[in-house]
1. In degrees between 0 and 90, to the nearest 10, how far off the longest principal axis of the chain does helix 8-21 point, with axes built from Cα atoms?
2. Sticking with the crude label model, points 7 Å out along Cα→Cβ, report the distance from residue 16 to residue 61 in nm, one decimal please.
3. What do you get for the angle between helix 27-63 and the principal long axis of the chain? Use alpha-carbon atoms, 0 to 90 degrees, nearest ten.
4. Restricting to DSSP H runs of at least four residues, report the calculated mean residue ellipticity at 222 nm for the chain, -39500 (n - 2.57) per run over all residues, nearest 500 deg cm²/dmol.
C-alpha cells in the first residue's frame, strides 16, 4: 500500500473544496422538512399512545387486574 502523508493544510483545502460542491437546501425547504418531521412524529405519538391505552384496557379486561 502506498503511504500517504497527512498534511492538515491539504486536508482542510480538500474539505473546503468538497463543501463547495454540496447543494444546500433553501430556508423554505428546511422549514417544510422540519414541519413534516414534527407532524409525523406527533401522528406517531398519538397512534402509539392510543394503541398502548387500548392494549392496556384489553389486558385489564382479560386478566381482571389493574385499576
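Throughout, read-outs are computed from the coordinates displayed, never taken from laboratory work. Note that the structure is predicted; figures quoted are calculated from it, not measured. Cβ coordinates were reconstructed from backbone atoms using ideal geometry, including for glycine residues, and neighbour counts include every protein chain displayed.
1. On a 0 to 90 degree scale, this one is about 60.
2. Placing both labels 7 Å beyond Cα along the Cβ direction yields 6.8 nm.
3. Helix 27-63 sits at roughly 30 degrees to that axis.
4. -27000 deg cm²/dmol
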